[in-house]
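To keep things clear, I will list the structure first and then write my remarks on it.
The values are calculated or read from the model by the stated rules, or taken from the named source; none is laboratory data. Just so we're clear, the structure is a prediction, and the values are computed from it rather than from any experiment. Note that we place each Cβ from the backbone using ideal geometry, even for glycine, and neighbour counts take in every protein chain shown. Calculation scope for accessible area: heavy atoms of the full protein, side chains included, ligands and nucleic acids excluded. Shrake-Rupley method; radii C 1.70, N 1.55, O 1.52, S 1.80 Å.
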Amino acid sequence: MKTNKLIIVGLVLSFIGAIVLAFSLLDSSKNIKDDLIVKMDRETGEYSQAKDLINKNFALLGLLFVILGFFIQLVELKKEKNNVKDEKISDFFECLGEIWRDITAIEFFMRCILAKHNGELDKFPKPPYTKGKIYKNPPSSFLDSSFGNTVKEFNKLSLGFLIPDEIVQLRHAMAHGLIMEVNKEGFDRLIKFIRKKEKIKVEFNMPLKIQRLAQIRQSMKELRRHMMKELGNS
């Protein structure tokens, strides 16, 4: 983590304050003038010398530097902590967004590759994709709306790589589940329920920790790379 310049300033001020405080405690002055009595209580006989006032002022100055330096460090450390938290939140949603983007891209590529192997690439819908536009006689791979069925048909092609079932379950959970924190665990979970007659069952439950999301994102990139290479060979 990059050190904040103001934290360094705070450390320097605290260091200077500590030096000044230490100096005020060292009664090493040999100047006779410092021993002059500048204040005396006639009733009690208590008196103050010049060196006492000087040491007191140095102590106050040193304490001021220490407090100021500590305060600056405290404020900046709190800011850095908030910045780190914001960065983690940003990384979290960036990972989720990229995963969903890649899932939709993978589904599209699967349908295109199936169309290629079925000899139906010439039936591929051509742009512009105006709302309401109808394409007659499209590739059969685009007629089945089931993501799971498309994955099964795609994996039968034996291209040297497969779409794992985890991707299918993750896609369904992102489309039909919910993201929530459970029992104050400190992280969110992706949870999906399914209905079983008059009951419901937890079908999917995955902790959304940034390390795991980063792994899934990387695996998605690899799948996309293989699929684009396959399409490029057409």
Worksheet, complete the sentence: Amide H neighbours of PHE193 at under 5 Å, excluding residues fewer than 5 places away on the same chain, with H built from the backbone geometry, are GLU203
Worksheet item: For the pair SER219 and LYS156, how long in nm is the line joining their label points, each one 7 Å along Cα→Cβ?
Response: 2.4
Worksheet item: How far is it, in nm, from the label point at LYS78 to the one at THR104 when both lie 7 Å from their Cα along the line to the Cβ?
Response: 4.1
Discussion item. Need the full-extension length gain, HIS172 to LEU231, defined as separation in residues times 0.36 nm minus the C-alpha distance. One decimal, nm.
Written reply: 18.7 nm
Worksheet item: Of GLY132, SER146, PHE187, which is farthest on the positive side of the dipole of region 108-207, counting Cα position, with +1 on Lys and Arg Cβ, -1 on Asp and Glu Cβ, and the Cα centre as origin?
Response: GLY132
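What's the carbon and sulfur percent of region 107-154's accessible surface, probe 1.4 angstrom, rounded to a whole number?
59
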Worksheet entry | Order by protection proxy (mean Cβ within 10 Å, highest first), peptides 188-201, 121-134 | 188-201, 121-134
Discussion item. Students often get this wrong, so check it: of LYS152/LYS209; LYS88/LYS199; LYS192/LYS221; LYS123/LYS156; LYS78/LYS201, which have C-alpha atoms separated by over 31 Å?
Written reply: LYS88/LYS199; LYS78/LYS201
Worksheet item: What's the extension gain from PHE193 to ILE134 if we count 0.36 nm per residue and subtract their Cα-Cα distance?
Response: 17.7 nm
Worksheet item: Residue by residue through region 150-162, which ³J(HN,Hα) values in whole Hz follow from phi under the Karplus form 6.51 cos²θ - 1.76 cosθ + 1.60 (θ = phi - 60°), with glycine and proline marked x?
Response: 5, 4, 4, 5, 5, 5, 6, 6, 6, 8, x, 8, 10
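For PHE70, PHE142, PHE92, what's the largest-to-smallest order of accessible area, 1.4 Å probe?
On the way: PHE70 125, PHE142 60, PHE92 30 Å².
The most accessible residue leads, giving PHE70, PHE142, PHE92.
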